[in-house]
Every structure is written in C-alpha cells, then in structure tokens.
Amino acid sequence: MEASKVGAADKGFVGHKSAKMMKRAKALEARQEKALEEKQGLLQNREAAEALKLSPLAHHARRLVSCSDLTLWYGERKICGPLRFTLEQGERAALDGRNGSGKSSLLKLLMGRDIRHEGTLDLAPGLNISWVPQDTSFLRGSLEDFIRRREVDESLFKAVLRKLGFSREQFARNLEDFSGGQKKKALIAASLCERAHLYIWDEPLNFLDIESRLQIEELLRQFAPTMIFVEHDRAFQEAAATKVIPLDGPQG
C-alpha cells in the first residue's frame, strides 16, 4: 500500500517535471520563432532601404561658384569674412564654423536671398539648384500638394520616402502632422528627385536615424554631386565633404 503511494507520488513528480520541461521547450521555440521573424523583418527592411540614387546635372562650366573678399553682415554686425573660395563640379564643400558665424546666411545668399554683404559672389550662368533648408516649419498640406509644388515625379518621390523608412500609411497624412525627422526626409527626398547642377543643404541630418544618414553619406560618395552644405555631425562632414570652408576667420 505504502509502495503504491510512493510510486504514485513519483509518477506525479515525473509528470510535473515533464510538463515543466515541455513548457520551457515551447517557450524556447516561441523565442526562436520570434527571433526568426525579427531577422526576416530586418532583412525586409534592409531590402526596402536599398541604395538611393541621385542624378546630378553636368554643367558646361568647370567652376560653379567663385567668392572673393566676401563679408556677410547681420544688421550692423559683421558675422563672417572676408571669404575667398571656389566650388568646382564634383566638389562637396562643408561650411564650418561656430553658431552665428554666418553658415546659413551664406547658403541663403547663394540661393539669391537678400543678405547684406560686401565683396563678390559669382555663380555659373544657368545653374539649377536643389535646396534643403534647415527650417521645416513651413511644411503644410498634403503630400500630393507638396509634390506638385516641387514638380517632382510622384512615384519616384514616394519610392525614395519608402527607402528612407516611410510606411505607405504616412502618405495619407498632412505634412504638419509629420515628425521633425519625417519633414526633413520629405525635403531630402524631393531634393534627391531633382536633377540639379548644385545641391545646397542646410543641416540635412536633423532628426534623421542612423540608417538614413549612412544611406545619404554613401549616396554622396557614389554619385559625387556638386554640393555645399552645413552639417554639425562631424563624422558625416568628414565622410561626405571633399573640402571644408572655415567661416570663423579670414580666408587665405
């Protein structure tokens, strides 16, 4: 009688242990399946984020920008200069200087804005310029309206956004509802869709994720567009720029 009770207890213990081991095995299997799904998801994301493309225009002039004894002013205060530099086709110049040294002002002057200055700044005739501003607060309305205003190919534009991590659902949202990073990506995508002789980008990497940054860095190295840009990310500046234009002191 006692022996049968002991046997029953042993069977109960073995059964409990077996159930516990089976539960652990199922949990392990579930974790493995989840890891596999995540890996497949990462591979799909990587495929969706395949290399971007850029189609810069060739200009008949070798030198696109020439600057001599250029001084920029903000009101009555001199903010930088005198500057002397040139930008030739295929060069990517990073403007380097502390905050308030006139980096964005120089880019705006290149864009034809009314910035007080002395000296000369000459651009090659007939330049097509693609511009990515630092400020994104002006973005309003639907993505379709933005596409029409920028006169870019809709299919290409949305394909670039997809490669920069946009979901299709985001295409239905208004631009004012985008995050800071999504707004910047919309501006960069439009610029990438534009065929231009000169690309002027003011802090393009604001709010961008690391994968998008690396894609853009590789893009610039591969297609060698003529560019002048401001970017505080030192690693990006060193990787993307072929020359640096310092704004903190007189140019030699």
Run the quick spin-label model on residue 224 and residue 137: label points 7 Å from Cα toward the beta carbon, then report their separation in nm to one decimal.
4.1 nm
Backbone N under 17 Å from the residue 63 label point (7 Å along Cα→Cβ), restricted to region 119-137
119-127
For region 164-237, with every protein chain kept in place, what is the accessible area per residue (1.4 Å probe, Å²)?
38 Å²
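Mind checking the full-extension length gain between residue 122 and residue 195? Use 0.36 nm per residue of separation minus the Cα-Cα distance, one decimal, nm.
Numbers: separation 73, 0.36 × 73 = 26.28 nm, distance 2.12 nm.
So the extension gain works out to 24.2 nm.
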Please report, as a whole percent, how much of the solvent-accessible surface of region 199-252 comes from carbon and sulfur atoms (probe radius 1.4 Å).
55 percent
Give the calculated FRET efficiency between residue 98 and residue 155 to the nearest 0.05, with a Förster radius of 51 Å applied to their Cβ-Cβ distance.
0.75
Quick one: go through region 166-192 and flag any residue whose amide nitrogen is under 18 Å from the point 7 Å out along the Cα-to-Cβ line of residue 148.
171-176
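Let me make sure I get this right: for region 112-252, a, b and c are the square roots of the gyration tensor eigenvalues over alpha carbons, sorted descending. Under 1.5 in a/c it's rounded, otherwise prolate if a/b > b/c, else oblate. Which is it?
prolate
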Can you check what the net charge comes to around residue 85, using other residues whose Cβ is under 12 Å from the Cβ of residue 85 (Lys, Arg +1; Asp, Glu -1)?
-2
Go ahead and run the numbers for FRET between residue 238 and residue 84, Cβ-Cβ distance against an R0 of 25 Å, rounding to 0.05.
0.60
Charge context of residue 154, other residues only, Cβ under 14 angstrom, K/R +1, D/E -1
+1
Within region 87-127, what whole-number % of the accessible surface is contributed by carbon and sulfur, with the 1.4 Å probe and all protein chains included in the calculation?
41 percent
For the ranges 139-152, 173-186, what's the packing order if you count other beta-carbon atoms within 10 Å of each residue, average per peptide, and put the highest first?
173-186, 139-152
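The values are calculated or read from the model by the stated rules, or taken from the named source; none is laboratory data. This is a predicted model, so every value here is computed, not measured. In this analysis, Cβ positions are derived from the backbone assuming ideal geometry, glycine residues included, and neighbour counts consider all displayed protein chains. Note: accessible area is taken over every heavy atom of the protein model, side chains too, but ligands, DNA and RNA are not part of it. Shrake-Rupley method; radii C 1.70, N 1.55, O 1.52, S 1.80 Å.
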